[in-house]
Amino acid sequence: MASRIEVTVPKNAHQYPTRCARCYGGGILTSRKIGFDTSKVKDPPKDEEFILPEIPFCKRCATWQVRIIGFGAVLIGLGILGAFAIDIKLNLGSGRISEWIVTIVAVILCIPGYLVTQYRDKTVQISAYTNETLTFSFKRADYAAQFMKVNHIRPKPGQLPPA
């Protein structure tokens with residue numbers, strides 16, 4: 001996985017470039033809430049404590065994000081149904097062993113859906129937060145550079161790859 005560019009900005013005083021964060025295209029933009037990078041933020045704040053920022057995406061990319069999350073949910077549902085179908089087909093009956101077998105099969109069949117929803121192409125995430133600042137993690141260097149420019153932040157030496 002390519003390294004991500006992290007930029008720290010004031011929590012309530014930051015702006016976003018007028019380009020799509022995923023494809024870097026212009027045109028009609030819509031806002032989508034972004035989440036935390038769960039590999040770095042171990043204890044995200046509760047909803048009532050923190051409002052997730054809304055990042056601009058073009059309609060096509062916003063629709064793609066909604067569809068990929070829906071596709072993952074469908075895969076998880078099919079995994080659960082598949083586990084019950086296997087239970088019925090093999091006539092496992094009731095008991096502790098059959099419950100464990102069905103549970104293990106359900107987990108195995110749901111893994112693809114989980115992977116699709118959790119490890120999709122997340123172009124912008126929150127990698128750290130405090131009461132005063134947010135640290136965004138960007139996949140695209142050009143969008144990170146534009147974000148820094150809009151927020152009047154000078155890149156640190158080596159923060160951005162050479163153009």
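The values are calculated or read from the model by the stated rules, or taken from the named source; none is laboratory data. For clarity, every value in this text was computed on a predicted model and none was experimentally measured. Don't worry about glycine lacking a Cβ; one is built from the backbone with ideal geometry, like all the others, and counts go over all protein chains shown. The accessibility values were calculated without ligands, DNA or RNA, using every heavy atom of the protein model including side chains. Shrake-Rupley method; radii C 1.70, N 1.55, O 1.52, S 1.80 Å.
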- Message: Here's a check for you: in the stretch 69-108, which residue that is open to solvent by 40 Å² or more (accessible area, probe 1.4 Å) and under 29 Å from Phe138 (Cβ atoms) is nearest to the chain's Cα centre (by Cα)?
- Response: Ile69
- Task: Confirm whether Leu160 is surrounded by 12 or more Cβ atoms within 10 Å (Cβ to Cβ), touching a strand residue (DSSP E or B) at 6+ places or on another chain (Cβ under 9 Å), in a loop (DSSP other than H, G, I, E, B) and of a type in the set (A, V, I, L, M).
- Result: yes
- Task: With the condition kept exactly as written, say whether any residue in the stretch 117-124 is among the aliphatic types (A, V, I, L, M) and open to solvent by less than 60 Å² (accessible area, probe 1.4 Å).
- Result: yes
- Test Pro155 against the criterion of being within 16 Å of His14 (Cβ to Cβ), touching a helix residue (DSSP H, G or I) at 6+ places or on another chain (Cβ under 7 Å) and modelled with pLDDT under 85, and give yes or no. yes
- Query: Quick one: would you say Lys40 is surrounded by 11 or more Cβ atoms within 10 Å (Cβ to Cβ), assigned to a loop (DSSP other than H, G, I, E, B) and modelled with pLDDT under 85?
  - Reply: yes
- Message: Restricting to the stretch 46-90, and then to whatever is among the charged types (D, E, K, R), in a loop (DSSP other than H, G, I, E, B) and closer than 25 Å to Phe147 by Cβ, can you tell me which residue is modelled with the highest pLDDT?
- Response: Asp47
